[in-house]
1. Obtain the radius of gyration and the Kirkwood radius of region 1-105 from its C-alpha atoms and give Rg over Rh.
2. Normalise the Debye intensity by I(0) for region 110-149, one equal point scatterer per Cα, no solvent, then take log10 at q = 0.30 Å⁻¹ and round to two decimals.
3. How fast does region 144-194 diffuse by Stokes-Einstein, in µm²/s, taking the Kirkwood radius from C-alpha pairs at 20 °C and 1.002 mPa s?
4. At a 10 Å Cβ-Cβ cut-off, how would you order 18, 190, fewest neighbours first?
5. Where does the Debye-calculated log10 I(q)/I(0) of region 77-137 sit at q = 0.13, 0.18 Å⁻¹, using only Cα point scatterers of equal weight, no solvent?
6. Per the Cauchy relation, a quarter of the hull surface: what is the mean projected area of the convex hull of the alpha carbons in the chain, in nm²?
7. FRET efficiency for residue 5 and residue 68, Cβ-Cβ distance as r, R0 = 25 Å, nearest 0.05?
8. Treating region 28-72 as a set of equal point scatterers at the Cα positions, no solvent, please give the Debye-formula log₁₀ I(q)/I(0) at q = 0.18 Å⁻¹.
């Protein structure tokens, strides 16, 4: 099934100064959001294959939009995350079907590699509901400098029969990281942890 997309939004958050300190180069986070029709809204469906297929489609589309918005090559992406907000005629399992079984593989292709799990969050909500898209380094979950989140929100979504799906990608970690742990230069990227 192809996603019925009502709206696409892409935002870039660029931090140039933090606590009076210049950030050079700036840290940048992009979030791409699709407002889609929920094909399972209003009824219980045992088989969620339609939503799983939509997740696969959106992993590629939204991941590529984030990379393009940052103006980087796929291999220059450092962190990623995903999230979904289900309208009131849906259920949390609809968000899970989009986010978990198949969204990750095309997102990893969009950012080149991606050995680590893609952090995720989901919730129910109405128009204008915000969700924090958790972020983690794409190749090594233990890189503390990349533990972060970016807020995703669409002012007129989700309607009762819609789902807002968000993917976030960064070209860096947090501004001014200094809490230790595994450094980007130390990543092996073999097991998704270190």
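Bear in mind these aren't lab numbers, they're just calculated from the coordinates by the rules spelled out. Computed from a prediction, not measured in an experiment: that's the story for all the values here. As a convention, Cβ positions derive from the backbone with ideal geometry for all residues, glycine included, and neighbour counts pool all protein chains shown.
1. Radius of gyration over Kirkwood radius for region 1-105 works out to 1.07.
2. -1.03
3. 152
4. Result, fewest neighbours first: 190, 18.
5. So the normalised log intensities work out to -0.36, -0.64.
6. Taking a quarter of the hull surface, the average projection is 10.6 nm².
7. 0.90
8. Results for region 28-72 at q = 0.18 Å⁻¹ read -0.62.
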